[in-house]
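Can you read through this structure? Questions will come right after.
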Amino acid sequence: MLTQEQQAQYQRDGYLVIPDFKSADEIARLRQRAEEIVEAFDPTQLLADGRAIFTTRDQARASDAWFLGSDNTVRCFFEEEAFDADGRLKQPKALSINKIGHAMHDLDPVFDAFTRDPKLAAVARGLGLLEPQVWQSMYIFKQPGIGGEVRWHQDATFFDSTPISVTTFWFALEDATVDNGCLWTEPGGHRGPLRERFLRDGDTITMEQLDATPWPDDASAIPLEARAGSLVCFHGLLPHYSAPNRSAVSRHAFTLHATDARTAYSPRNWIQRVANFPVRGFD
Ligand SMILES: O=C(O)CCC(=O)C(=O)O
């Protein structure tokens, strides 16, 4: 599936963009299903409790029970800027959701079908994931006007293993541009150290600081603009970021995070599976 040139590019840059990977039909099915999940989501109680916001800036949110309990189920999270000063939604619910996470790929037939794609299994193999284990899925909306920033991070922070094997599969479901908050990265940045580790101990999360290497800046970071249907694969040590979306159009994306079963998955990672809900690959 991957050419030698693509493999070499991935090794060199830490990422690979494959245009036209998913068809318009596959995208439409996923978008439709995400819409249905949001439609069925009744936030009344959560809003009364002031919960269910997703932000990458506020550590306290990471220990939020709504977040921690989404590890092996399907939950919706609001954009941080979705609310007015009185805590009411400023726009319809469907335009207020930041993301759906984190186990749709195993629990929802439409997401499962999108994930268990022989072409994707072949790409994963080509990138060296010989025994893939898909731990997490996220449907990210990046809503018009209020789509939240995703601060600079490395995915190995959240999916640590020895040695590091986590690989991210990021699907553009709409054109991702600088205007609507596309990904940014630093080519070759995966050769740097792991900076942080997100550790779970029951209901407590801590972010362990490992290395003070600065995040990429305007001089070294480049935008990864991608047409709808593109697959962007990136190495678990590759720093990446996405800006707030201040434009009038959304930037929907779907992501999967997979490690290789031949590496030792950390028991302190926030997502763990149990015998009756085992982690699976792309087949
Ligand atoms: O889509 C985004 O804005 C960020 C996604 C991301 O950081 C990830 O999937 O690891």
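Here is a check on your reading of the model: is Arg125 surrounded by fewer than 17 Cβ atoms within 10 Å (Cβ to Cβ), more than 12 Å from the chain's Cα centre (by Cα) and within 25 Å of Ala24 (Cβ to Cβ)? I'd like the intermediate steps shown before the answer.
Details: surrounded by fewer than 17 Cβ atoms within 10 Å (Cβ to Cβ): yes; more than 12 Å from the chain's Cα centre (by Cα): yes; within 25 Å of Ala24 (Cβ to Cβ): no.
No, not satisfied.
Now, a different point. Pairs only if they're at least six apart or on different chains, beta carbon under 6 angstrom, first in the stretch 65-80 and more than 13 Å from Ser137 (Cβ to Cβ), second among the charged types (D, E, K, R) and open to solvent by less than 30 Å² (accessible area, probe 1.4 Å); list them, first residue then second.
Phe77/Lys99
Of all residues in the stretch 142-187, how many are in a loop (DSSP other than H, G, I, E, B) and either more than 10 Å from the ligand (Cβ to nearest atom) or open to solvent by 10 Å² or more (accessible area, probe 1.4 Å) (or both)?
Start the filter on the stretch 142-187 by keeping residues that are in a loop (DSSP other than H, G, I, E, B), which leaves 142-146, 148-149, 154, 158-160, 163-166, 173-175, 177-182, 186-187.
Subset that is either more than 10 Å from the ligand (Cβ to nearest atom) or open to solvent by 10 Å² or more (accessible area, probe 1.4 Å) (or both): 143-146, 148-149, 158, 160, 163-165, 173-175, 177-180, 186-187.
Summing the residues that are in a loop (DSSP other than H, G, I, E, B) and either more than 10 Å from the ligand (Cβ to nearest atom) or open to solvent by 10 Å² or more (accessible area, probe 1.4 Å) (or both) in the stretch 142-187 gives 20.
Is one or more of the residues making up the stretch 217-237 closer than 15 Å to Phe158 by Cβ and touching a Lys or Arg at 6+ places or on another chain (Cβ under 8 Å)? Write out each step before concluding.
So in the stretch 217-237, the residues closer than 15 Å to Phe158 by Cβ come out as 234-237.
If we keep only those that are touching a Lys or Arg at 6+ places or on another chain (Cβ under 8 Å) too, we end up with 237.
Yes, the conditions are met somewhere in the stretch 217-237.
Here's a follow-up. Can you name every residue in the stretch 216-249 that is open to solvent by 10 Å² or more (accessible area, probe 1.4 Å), of a type in the set (A, V, I, L, M, F, W, C), in a loop (DSSP other than H, G, I, E, B) and within 13 Å of the ligand (Cβ to nearest atom)?
Of everything in the stretch 216-249, those that are open to solvent by 10 Å² or more (accessible area, probe 1.4 Å), of a type in the set (A, V, I, L, M, F, W, C), in a loop (DSSP other than H, G, I, E, B) and within 13 Å of the ligand (Cβ to nearest atom) turn out to be Leu237, Ala243.
While we're looking at this one, here's another question. From the set of residues in the stretch 188-215 that are of a type in the set (A, V, I, L, M) and not in a strand (DSSP E or B), which is surrounded by the fewest Cβ atoms within 10 Å (Cβ to Cβ)? Give the derivation first.
Of the stretch 188-215, the ones of a type in the set (A, V, I, L, M) are 194, 199, 205, 207, 210, 212.
Among the residues that remain, those that are also not in a strand (DSSP E or B) are: 194, 210, 212.
Values: Leu194: 16, Leu210: 12, Ala212: 7.
Only one residue fits best here, namely Ala212.
Could we say that Ala258 is within 15 Å of the ligand (Cβ to nearest atom), among the aliphatic types (A, V, I, L, M) and closer than 30 Å to Ala65 by Cβ here?
On the way: within 15 Å of the ligand (Cβ to nearest atom): yes; among the aliphatic types (A, V, I, L, M): yes; closer than 30 Å to Ala65 by Cβ: yes.
Yes; evaluated as a whole, the condition is true for this residue.
With Ala94, Ala62 as the choices, which residue is in contact with a helix residue (DSSP H, G or I) (Cβ under 9 Å, 6 or more places away or on another chain) and at pLDDT below 95? Before you say what the answer is, go through the steps one by one.
Values: Ala94 fails: at pLDDT below 95.
From the options Ala94, Ala62, the qualifying one is Ala62.
If Pro267 meets every condition in (1) over 21 Å from Ile97 (Cβ atoms); (2) in contact (Cβ under 8 Å) with a residue 24 or more places away in the chain; (3) more than 14 Å from the chain's Cα centre (by Cα) apart from one, which number is that one?
Pro267 satisfies all of (1) over 21 Å from Ile97 (Cβ atoms); (2) in contact (Cβ under 8 Å) with a residue 24 or more places away in the chain; (3) more than 14 Å from the chain's Cα centre (by Cα) except (2).
Right, another one. When you look at Thr213, is it among the β-branched types (Val, Ile, Thr) and more than 16 Å from the ligand (Cβ to nearest atom), yes or no? I'd like the intermediate steps shown before the answer.
Working: among the β-branched types (Val, Ile, Thr): yes; more than 16 Å from the ligand (Cβ to nearest atom): yes.
Yes: the conditions hold for Thr213.
Could you list, in sequence order, all residues of the stretch 251-283 that are open to solvent by 20 Å² or more (accessible area, probe 1.4 Å), over 27 Å from Ala122 (Cα atoms) and in contact with an Asp or Glu (Cβ under 8 Å, 6 or more places away or on another chain)?
Across the stretch 251-283, the qualifying residue is only Arg268.
The values are calculated or read from the model by the stated rules, or taken from the named source; none is laboratory data. Remember, it's a predicted structure, so these values are computed and weren't measured experimentally. For neighbour counting, all protein chains shown are included, and Cβ atoms are generated from backbone atoms with ideal geometry for every residue, glycine included. Heads up: the accessible areas ignore ligands, DNA and RNA and are worked out on the full protein's heavy atoms, side chains in. Shrake-Rupley method; radii C 1.70, N 1.55, O 1.52, S 1.80 Å.
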